Amino acid sequence: LVGRTVREALAGAGPAEAAAARADGFLRRLPHGWDTPLDELRLSGGELQRLGLARLLARPTRVVVLDDATSGLDLATEYQVTEALDHATHGRTRLVIAHRATIAARADLVAWLDAGLLRALAPHDTLLAHPDYRATLADTALQATAAG
């Protein structure tokens with residue numbers, strides 16, 4: 001995070017973006033809220049990710065690139081944040097780099113990369129037929145379900 005306070009670090013993001021990124025709850029609990037100095041922050045990886053997402057949502061870009069943007073979140077929060085991102089980035093092109101099946105399942109199209117090469121380009125449901133694809137996913141519970 002860059003700046004002196006949380007407000008400066010969020011670079012134009014407001015309460016709506018913080019709520020969409022599910023950061024509003026922990027921001028309200030900070031000693032000085034949005035004006036808490038960054039050097040007083042003690043945040044988890046997931047909280048830092050949510051601040052980054054709030055900052056991203058404040059920018060009206062046509063293309064959004066998310067690199068494991070929800071990997072530090074528990075599954076329930078990931079679902080809430082992903083729903084909010086779907087709504088907030090509607091109409092934008094999104095390139096999402098992910099290792100979780102739950103994220104891949106939401107994509108229109110999945111580019112399956114293996115050792116730096118494009119192995120397949122297809123919807124997630126189609127790729128699930130390949131055991132090697134299932135093995136690359138971080139969702140072990142889904143792997144077991146898909147394999148059974």
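With respect to Leu27, determine if the residue is over 17 Å from the mean Cα position of the chain (by Cα) and surrounded by 18 or more Cβ atoms within 10 Å (Cβ to Cβ). Taking the combined requirement at face value, the residue satisfies it. Arg42 is checked against (1) charged (D, E, K, R); (2) more than 24 Å from Thr93 (Cα to Cα); (3) under 20 Å from the mean Cα position of the chain (by Cα); (4) modelled with pLDDT under 90 and fails just one. What number does that condition carry? Failed condition: (3). When segment 62-82 is filtered for residues that are at pLDDT below 85 and out of contact with any helix residue (DSSP H, G or I) (no Cβ under 8 Å at 6 or more places or on another chain), the ones remaining, listed by number, are Asp67, Asp68, Ala76, Gln80. Which condition number in (1) under 23 Å from Gly3 (Cβ atoms); (2) surrounded by fewer than 18 Cβ atoms within 10 Å (Cβ to Cβ) is the one that Leu57 fails? So Leu57 meets the others, but not (2). The sole residue among Ala21, Ala58 that is of a type in the set (A, V, I, L, M) and within 30 Å of Thr136 (Cα to Cα) is Ala21. When you scan segment 64-77, do you find a residue that is in contact with a Gly (Cβ under 9 Å, 6 or more places away or on another chain), charged (D, E, K, R) and under 27 Å from Tyr133 (Cβ atoms), even just one? Taking every residue of segment 64-77 in turn, at least one turns out to be in contact with a Gly (Cβ under 9 Å, 6 or more places away or on another chain), charged (D, E, K, R) and under 27 Å from Tyr133 (Cβ atoms). The single condition among (1) in contact with a strand residue (DSSP E or B) (Cβ under 9 Å, 6 or more places away or on another chain); (2) within 15 Å of Ala20 (Cβ to Cβ) that Val63 does not satisfy is (2). For segment 83-111, what are the residues that are crowded, with 18+ Cβ neighbours inside 10 Å, within 11 Å of the chain's Cα centre (by Cα), at pLDDT 80 or above and in a helix (DSSP H, G or I)? The one that is crowded, with 18+ Cβ neighbours inside 10 Å, within 11 Å of the chain's Cα centre (by Cα), at pLDDT 80 or above and in a helix (DSSP H, G or I): Ile103.
The values are calculated or read from the model by the stated rules, or taken from the named source; none is laboratory data. Source: prediction; values computed, not measured. All Cβ positions, glycine included, derive from the backbone under ideal geometry; neighbour counts span all protein chains shown.
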